[in-house]
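Everything on this sheet refers to the single structure shown next.
The values are calculated or read from the model by the stated rules, or taken from the named source; none is laboratory data. Because the structure is a prediction, the values reported are computed rather than measured. Glycine also receives a Cβ, built like all others from the backbone with ideal geometry; neighbour counts cover every protein chain displayed.
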Amino acid sequence: MSSKPASAQHLRDLALLRRVRDRIDREYAQPLDVEALARGVNMSAGHLSRQFRQAYGESPYAYLMTRRIERAMALLRRGDLSVTEVCFEVGCASLGTFSTRFTELVGVPPSTYRAQAAQATAGMPSCVSKQVTRPIRNREAQVTGRS
């Protein structure tokens, strides 16, 4: 048995996973679910979820929510939209789910973030503020925060 066919299949799967990740990055504000993403690359939802987690360290849904929260953070820093408007603008259908996920990823509720972020990033170029304010999952913060 040769490893070449398995290696070629692995490379094809990675290319498909990259397409899924790119679609999430482009269409984060659209109603996306794992089944729709899987249909787009002719995989089962379970297989896509397993392979995506193995390749990127998180589920497709977690990746999608991280993209949505990153965009929400930028909109909240801008300050001209309410939290509810931002929620729907980034593709979330439930304000409760949005607030819960935002708080999990960022560490403060969206309304608190909106009040604090405008002052914290004042005068910073947008490319720097995006990097500085990127959400970090709580489990990651705990691991890296301890010495």
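What residue, of ARG19, ARG68, is touching a Gly at 6+ places or on another chain (Cβ under 8 Å) and not assigned by TED's automatic domain parsing to the domain that holds GLN116?
None of the others qualify; the one that does is ARG19.
With the requirement that a residue be among the basic types (Lys, Arg) and more than 11 Å from GLY79 (Cβ to Cβ), what does the range 99-118 give you?
Within the range 99-118, ARG101 is the sole residue that qualifies.
Output the residues belonging to the range 55-104 that are surrounded by 22 or more Cβ atoms within 10 Å (Cβ to Cβ) and over 16 Å from TYR28 (Cα atoms).
Result: LEU76, single match.
Yes or no, residue by residue, for (1) within 19 Å of the chain's Cα centre (by Cα); (2) outside the structural domain of CYS92 (by TED's automatic domain parsing); (3) exposed (fewer than 14 other Cβ atoms within 10 Å of the Cβ):
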site	(1), (2), (3)
ARG12	no, yes, yes
ILE24	yes, yes, no
GLU27	yes, yes, no
GLN30	yes, yes, yes
ALA36	yes, yes, yes
VAL41	no, yes, no
SER44	no, yes, yes
SER49	yes, yes, no
ARG53	yes, yes, no
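Name the one entry in VAL20, VAL83, VAL41 that is β-branched (Val, Ile, Thr) and under 30 Å from ARG114 (Cβ atoms).
Working: VAL20 fails: under 30 Å from ARG114 (Cβ atoms); VAL41 fails: under 30 Å from ARG114 (Cβ atoms).
None of the other options fit; the residue is VAL83.
Among the residues of the range 43-57, which ones are over 10 Å from LEU17 (Cβ atoms) and in contact (Cβ under 8 Å) with a residue 12 or more places away in the chain?
Across the range 43-57, the qualifying residue is only SER49.
In this structure, is ARG77 within 22 Å of CYS127 (Cα to Cα) and either at pLDDT 95 or above or touching a strand residue (DSSP E or B) at 6+ places or on another chain (Cβ under 6 Å) (or both)?
On the way: within 22 Å of CYS127 (Cα to Cα): yes; either at pLDDT 95 or above or touching a strand residue (DSSP E or B) at 6+ places or on another chain (Cβ under 6 Å) (or both): no.
When the stated conditions are applied, ARG77 does not pass them.
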